[in-house]
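Shown below is the structure under consideration.
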Ligand SMILES: Cc1cc2nc3c(=O)[nH]c(=O)nc-3n(C[C@H](O)[C@H](O)[C@H](O)COP(=O)(O)OP(=O)(O)OC[C@H]3O[C@@H](n4cnc5c(N)ncnc54)[C@H](O)[C@@H]3O)c2cc1C
Ligand SMILES: Cc1cc2nc3c(=O)[nH]c(=O)nc-3n(C[C@H](O)[C@H](O)[C@H](O)COP(=O)(O)OP(=O)(O)OC[C@H]3O[C@@H](n4cnc5c(N)ncnc54)[C@H](O)[C@@H]3O)c2cc1C
Ligand code: SF4
Ligand code: SF4
Ligand code: FES
């Protein structure tokens, strides 16, 4: 069992937890993730390591409530325990040798991008961050990004805060104005990453994407997390949990990834409603 | 005394009934049937059955005890050689091992050794009152990586010798393939958990949620954590795909994913949070135990029709005979001498957002014929040109084999592996690294429970010799 040391709501659907897991805290690097189960009948879900405190033995995770499991997790309070917590999994992001980087995060993807931005800042790189949200109410981690970015642009789809538009718009403007980067790193909804990659391609800037397919074991055993890369005209199967989650955005077959990510949407809607009803009953 | 030509039949659940639930299919012998079966054994002097058992269980000796109704005595004899008889009695491919060499089998049916072994083990699990006593510690620490049959056996043997053993398991539950792969209708999870409980009583510590190579490395275990030896029993869990077009479609699973969702994550139960495709038509590609398990699981999840697509013929099916029999009884449709060439998906060019886009609608196969025998004497299947046809299916499960996971190899310097990633060991199961032993599927590639167990035993002996002389 793993203890929740602290809990903080970042907005009404995004929560940050600090979990006591000393072995993971000692090892985790930016870009890696953990897999957890809330209780004994729970599903295994992957969440990115959003920060660690090796001395305290704690690991920070930030999650958005999207379905049954994240809803359950959101009901675990400070001082309570979750059943399983395993990691760090995946390959750490490659950050060496980068001097000027643009981080493009979307929604809860910003939580996944934050440790990468912080690590690059620590390494002395010049960091531009573009973080995008649907509207003002769900903007998260703005202060944290400000602290580690040389330049920060916050966008909202509806213009209720910051730049009006999606994340690719200010990116395009910057690149058109002659700005250049060693690399663009993008994390968010698949469709957003696809368009960021297309923009990067136009200007010949390398682009890393962080893929978040459905996972079970996270160790390369089930193959459920597989995706297809186009490498030199050949289609190559990779497992995101061990070969990734970071991949060269130029190579990823986004359309396939998008289709696979909604494989269980009907079931999930049902599971979510079931969990919500359970909690409602408890409250009554 | 006249020889009774046939085995006492195993009582089983009705095929119609069982194909809708996950209850164990084979119900086990009663005491009287077990004694009657034991009486068939002619107690051969040269005991060919013993030599054909990978761990050399003293078969006639234990069978004689069954005949005398000393079931606990029979258990003691088996447990001298095997630590998982309740498992092996159920899942060993007896027809190619012990029973395959039984003298009776030359003219009649062999003695049902596996069924007797299962009976004895179940009797013990049900009736044994005494807890195993924790042996006196010798103060030496050994780490075991992986809690499949290889790891559990090695841990048990070492604990009995007084070692302080810790098993590290990547998943949230101990048991390896026995809990995530082999379905409950063949091997109830209960039986495995009970075996793990016995180990715990012997003092073995089981740490789940630890991935060696990620959470901790082999070198950390040896250098920083005080372990004097390590056994690697991490199995062969990396699923192979065929690399044909369409394997990325929605509804294509590796058997590992399909079975893990169904078994470990209990997707068949209404209470589970883990989803799986249920119903419809399912094609399982492959012909081994894994394929049979996936096909019969699909049926139990509510499929209307389940095919086994295998490129050779019935004779070459590598699965246990009993499982093939049960699968046929349950109505699995065997499409033999067929090989998939492409998986076909739904595509609605009018509406890119149609949720059916990218879902499996069929599998294109080519018919095969058996050609000349290859170097192993197996007749090689060759495609018949122009014979392609399409099977309409909604789900495809790939059960075409697995290989060792590279995680440990990649994070352990100096650990030598062969061309396909199997760890190289000597006759004591020692690897190229001092104090590091390995065995089971991670060395041999996907094999059997009993051979993994045997490898765990050999390594335990090797580790004991090494640490006693150190
Ligand atoms: C390597 C990795 C790192 C991740 N890191 C984070 C993180 O730091 N914070 C965070 O909030 N989420 C993260 N995710 C996504 C997170 O795992 C999913 O949101 C979670 O599994 C949903 O579980 P659920 O039962 O609550 O929702 P479900 O009921 O399973 O799903 C609800 C909705 O979310 C979608 N969904 C399901 N799984 C995923 C997924 N893996 N990725 C994207 N959408 C999904 C479904 O299609 C559905 O529409 C990560 C995923 C991966 C693979
Ligand atoms: C569906 C299926 C049906 C089968 N049916 C039969 C049958 O009927 N009869 C038969 O004899 N055999 C059968 N087999 C084969 C048999 O189960 C295997 O040969 C046997 O389990 C191998 O044992 P093992 O201990 O080497 O590895 P496994 O049982 O694979 O166990 C390895 C364990 O190590 C863990 N692990 C892996 N990497 C790490 C790591 N880095 N850190 C920590 N832990 C790790 C894994 O999670 C796993 O729990 C079947 C296999 C499958 C998949
Ligand atoms: S362990 Fe397997 S091979 Fe050995 S006697 Fe038992 S069933 Fe036969
Ligand atoms: S070979 Fe058959 S008959 Fe002979 S001892 Fe073994 S089990 Fe009994
Ligand atoms: S999550 Fe199972 S192989 Fe990646």
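Taking the range B:132-167 on its own, how many of its residues are over 16 Å from residue B:464 (Cβ atoms) and not assigned by TED's automatic domain parsing to the domain that holds residue B:205?
Final tally of qualifying residues: 3.
Quick one: which residue in B:184, B:220, B:247 is within 13 Å of ligand 2 (Cβ to nearest atom) and part of a loop (DSSP other than H, G, I, E, B)?
B:184
OK, next. Considering only residues that are within 8 Å of another protein chain (Cβ to nearest Cβ) and surrounded by fewer than 22 Cβ atoms within 10 Å (Cβ to Cβ), look in the range B:225-244 and name the one that is nearest to the chain's Cα centre (by Cα).
Looking at the filtered set, the residue picked out is B:241.
So which residues in the range B:57-78 are without any contact (Cβ under 8 Å) to a residue 40 or more places away in the chain and either outside any helix (DSSP H, G or I) or within 12 Å of ligand 3 (Cβ to nearest atom) (or both), if there are any at all?
B:58, B:60, B:61, B:68, B:69, B:70, B:77, listed by residue number.
Which of the residues that make up the range B:155-181 are within 14 Å of chain A (Cβ to nearest Cβ) and assigned to a helix (DSSP H, G or I)?
Across the range B:155-181, the qualifying residues are B:177, B:179, B:180.
Which condition number does residue A:12 fail, the rest of (1) more than 23 Å from residue A:245 (Cα to Cα); (2) in contact with a strand residue (DSSP E or B) (Cβ under 8 Å, 6 or more places away or on another chain); (3) more than 14 Å from chain B (Cβ to nearest Cβ) being met?
(2)
Sticking with this structure for a sec: Here are the criteria: (1) surrounded by fewer than 18 Cβ atoms within 10 Å (Cβ to Cβ); (2) more than 30 Å from residue A:261 (Cα to Cα); (3) within 13 Å of chain A (Cβ to nearest Cβ). Tell me which single one residue B:221 does not satisfy.
Among (1) surrounded by fewer than 18 Cβ atoms within 10 Å (Cβ to Cβ); (2) more than 30 Å from residue A:261 (Cα to Cα); (3) within 13 Å of chain A (Cβ to nearest Cβ), the lone unmet condition for residue B:221 is (1).
Suppose we filter the range A:1-23 for residues that are in a loop (DSSP other than H, G, I, E, B) and over 16 Å from the mean Cα position of the chain (by Cα); how many remain?
3
Please specify each residue of the range B:228-242 satisfying the condition of being in contact with a strand residue (DSSP E or B) (Cβ under 7 Å, 6 or more places away or on another chain) and part of a loop (DSSP other than H, G, I, E, B).
B:228, B:233, B:234, B:236, B:237, B:240, B:241, B:242
Ok, one more. For the subset of the range B:261-280 comprising residues that are more than 7 Å from chain A (Cβ to nearest Cβ), surrounded by fewer than 21 Cβ atoms within 10 Å (Cβ to Cβ) and at pLDDT below 75, which member is farthest from the chain's Cα centre (by Cα)?
B:270
Just to be sure before I move on: is residue B:160 touching a residue at least 24 places away in the same chain (Cβ under 8 Å) and more than 16 Å from the chain's Cα centre (by Cα) in the structure I sent?
For residue B:160, the condition - touching a residue at least 24 places away in the same chain (Cβ under 8 Å) and more than 16 Å from the chain's Cα centre (by Cα) - is met.
Yes/no per residue for (1) over 29 Å from residue B:282 (Cα atoms); (2) away from ligand 4 (no atom under 16 Å from the Cβ); (3) within 14 Å of chain A (Cβ to nearest Cβ); (4) in a loop (DSSP other than H, G, I, E, B):
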{"residue": "B:347", "(1), (2), (3), (4)": "no, yes, yes, yes"}
{"residue": "B:360", "(1), (2), (3), (4)": "no, yes, yes, no"}
{"residue": "B:369", "(1), (2), (3), (4)": "no, yes, no, no"}
{"residue": "B:382", "(1), (2), (3), (4)": "no, yes, no, no"}
{"residue": "B:397", "(1), (2), (3), (4)": "no, yes, yes, no"}
{"residue": "B:421", "(1), (2), (3), (4)": "yes, yes, yes, yes"}
{"residue": "B:434", "(1), (2), (3), (4)": "yes, yes, no, yes"}
{"residue": "B:443", "(1), (2), (3), (4)": "yes, yes, no, no"}
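If the requirement is being under 30 Å from residue B:307 (Cα atoms) and away from ligand 3 (no atom under 16 Å from the Cβ), which of these qualifies: B:377, B:435, B:421?
Of the residues listed, the single one that is under 30 Å from residue B:307 (Cα atoms) and away from ligand 3 (no atom under 16 Å from the Cβ) is B:377.
I want to confirm something. Restricting to the range A:24-68 and keeping residues that are in a loop (DSSP other than H, G, I, E, B), away from chain B (no Cβ under 14 Å) and within 13 Å of ligand 1 (Cβ to nearest atom), which single residue is surrounded by the fewest Cβ atoms within 10 Å (Cβ to Cβ)?
Residue satisfying both the conditions and the ranking: A:65.
Being out of contact with any strand residue (DSSP E or B) (no Cβ under 9 Å at 6 or more places or on another chain), near ligand 3 (Cβ under 9 Å from one of its atoms) and more than 14 Å from chain A (Cβ to nearest Cβ) is true for just one of B:19, B:81. Which residue is that?
Just a single option satisfies the conditions, and that option is B:81.
Name the residue, out of B:9, B:54, B:110, that is away from chain A (no Cβ under 14 Å), part of a loop (DSSP other than H, G, I, E, B), within 11 Å of ligand 3 (Cβ to nearest atom) and within 30 Å of residue B:299 (Cβ to Cβ).
B:110
What number goes with the only condition from (1) surrounded by 18 or more Cβ atoms within 10 Å (Cβ to Cβ); (2) without any contact (Cβ under 8 Å) to a residue 60 or more places away in the chain; (3) more than 16 Å from ligand 2 (Cβ to nearest atom) that residue B:48 does not pass?
Exception for residue B:48: condition (1).
Can you report the number of residues in the range A:204-236 which are away from ligand 2 (no atom under 16 Å from the Cβ), more than 7 Å from every other protein chain (Cβ to nearest Cβ) and more than 17 Å from residue B:397 (Cβ to Cβ)?
Qualifying residue count for the region: 19.
If you don't mind, there's one more thing I want to ask. When you scan the range A:105-117, do you find a residue that is buried (at least 16 other Cβ atoms within 10 Å of the Cβ) and either in a strand (DSSP E or B) or more than 19 Å from the chain's Cα centre (by Cα) (or both), even just one?
yes
The values are calculated or read from the model by the stated rules, or taken from the named source; none is laboratory data. Since this is a predicted model, take the numbers as computed values, not measurements. Neighbour counts are summed over all protein chains in view; Cβ atoms, including those assigned to glycine, are modelled from backbone coordinates with ideal geometry.
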